[in-house]
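Reviewing the structure listed below.
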Amino acid sequence: LISNNFSIDGIDINKQWAELNNSNDLTNFIFGTKAQTLKKLSKFLKKSKIQNQYCFTVKNWSDNPEKVIKNIKESFKVEQLVIRSSSNSEDTFESANAGKYKSVLNVKAHLDIEIKNAIQEVIDSYEKNNDKYQNQVLVQPMVLDTKISGVVFTHTLSRGSPYYVINYDDETGSTDSITSG
């Protein structure tokens with residue numbers, strides 16, 4: 001570039017860069033895991049709300065499960081939690097894996113054993129061949145008295161056509177009738 005007289009300036013990008021050497025790198029940079037995406041989206045919502053969250057890696061859990069449980073209990077003063085998957089391979093440009101991994105609903109927030117078992121159930125649902133220790137687990141307050149829940153796609157699942165598809169449940173009060181895969 002210099003030998004062709006291009007002007008080059010340094011810019012401090014403060015960790016906002018992506019190495020693009022495999023097909024999922026761009027997806028992970030733009031969206032990230034479920035937890036990272038929800039955190040990014042929460043800043044832009046005007047008429048919706050994303051519940052507060054606590055997120056940790058499988059490695060964090062493996063290294064110190066007691067500390068993770070303590071942090072969860074300090075983060076939420078609620079009766080029930082949802083322990084959700086937040087895998088690196090959940091959604092990519094090549095595949096939609098929504099509902100592939102486990103989420104555990106209605107976990108009693110005051111019972112360490114319930115929290116521990118739910119977390120282990122989510123972790124055990126991750127594929128053994130991907131980088132399991134970098135996968136995350138997402139904890140949020142359980143949404144109660146739900147009026148409507150669902151999912152929005154930006155492409156049709158059957159053909160990948162560029163249409164918005166909205167699937168929702170406004171009858172059962174369930175938070176997972178549509179989103180469980």
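Site pair N5 and T172 shows an inter-label distance of 6.9 nm when each label is modelled 7 Å from Cα along Cα→Cβ. Backbone phi angles across segment 34-47, fed through the Karplus curve with coefficients 6.51, -1.76 and 1.60 (θ = phi - 60°), yield HN-Hα couplings of 4, 4, 5, 5, 4, 5, 5, 5, 4, 6, 9, 6, 10, 10 Hz in residue order; Gly and Pro are listed as x.
In this structure, N71 and L111 have a Cβ-Cβ separation that, at R0 = 25 Å, corresponds to a calculated FRET efficiency of about 0.95.
Here's the picture: a label point sits 7 Å out from the Cα of L144 along the beta-carbon direction, and within segment 109-130 the residues with their amide nitrogen under 16 Å of it are 109-111.
Taken together, the values in this text are just the output of simple stated rules run on the coordinates, not laboratory data. Only a predicted model underlies this, so the values are computations on that prediction, with no experimental measurement involved. Methodologically, a virtual Cβ is constructed for each residue, glycine included, from the backbone with ideal geometry; neighbour enumeration extends over all protein chains shown.
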